[in-house]
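**Q** This is the structure I have questions about; it appears just below.
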Amino acid sequence: MESILNINAEFIIRLFMSLAMGFLLGLERELTNKYAGLRTHILVCLGACIFTLLSIYGFPTYAPGDNIVVDNATGIRDTSRVAAQIVTGIGFIGAGTVLRNGPMVFGLTTAATLWIAASIGMACGAGMYGIALISTVLSVAVLTLIRIFERQFLPTSGKQVRRCKLVVYCSGDDVKQIYDYLSSKLENIRDFTSKKLIENPRKTKISVIFDSIHKKKINDIYNKLIAITDPDAVTIQELND
């Protein structure tokens, strides 16, 4: 029990630093409504920190009976062995955030953010707080400022196309009116489906996936749908990074 309670204060600082850094990265993803948000980034960063601590301090220098060279009776160990697996292991989580729909690929930025979160967690685990803090600030700056730069100075870039998902819960009588309105306003409707709700057959769920460059048009469509059909609920989600 005494060994359990005797926790190195430096380790606690490193763990909480990794938690804070993961929170900052995850907050940006959460605010932009991405699937991998706060909890995912915090856990990735914290987990990488734990694995790094285990790699450095969690294993003995040598096991009894092992035929290894001992330097000054301290033994020789490879502290990077466990930490190195974090770099490849995080790829499995990152791959789960990448989606492909025809020629368009979504989630690459979020996957890269998870990858950088793991590296920041490793920096915290190694006690390199300066690198961890600077890397977090730079990462958040890239995610926010570069997005603004792209939208302001690269408006015609193919990356500026927003693939959106519109979901409307409304009366079944309004389906045709909504379809006619959207067809007149949107040029790139990728999918349009309507399905009656099992719990209330008089209500219908409409799902529309479309591409748009102008954010103002998306806001106008949202406001117009509320005005012309009085739906129960309308949500628009951007599917891009």
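**Q** Only Cα pairs under 8 Å and at least 6 apart count here; give the relative contact order of the range 161-238 as a rounded whole percent.
**A** So the answer I get is 48 percent.
**Q** As a quick test, which of the pairs Lys34/Lys203; Lys34/Lys185; Lys165/Lys224 have an alpha carbon distance above 23 angstrom in this structure?
**A** Long pairs (Cα-Cα over 23 Å): Lys34/Lys203; Lys34/Lys185.
**Q** Then there's this: For Phe106, which sequence-distant residues (separation of 5 or more, or a different chain) have an amide H within less than 5 Å of its own amide H, given hydrogens modelled in the peptide plane?
**A** Leu99, Arg100, Asn101
**Q** Which net charge results when you count Lys and Arg as +1 and Asp and Glu as -1 among the other residues whose beta-carbon is under 15 Å from that of Ser18?
**A** Taking every other residue near Ser18 into account, the sum is +1.
Values quoted throughout were computed directly from the atomic coordinates according to the rules given, and no laboratory measurement underlies them. Every value quoted in this text rests on a predicted model; they were computed, and no experiment measured them. Cβ atoms come from the backbone with ideal geometry, glycine included; neighbour counts cover every protein chain shown.
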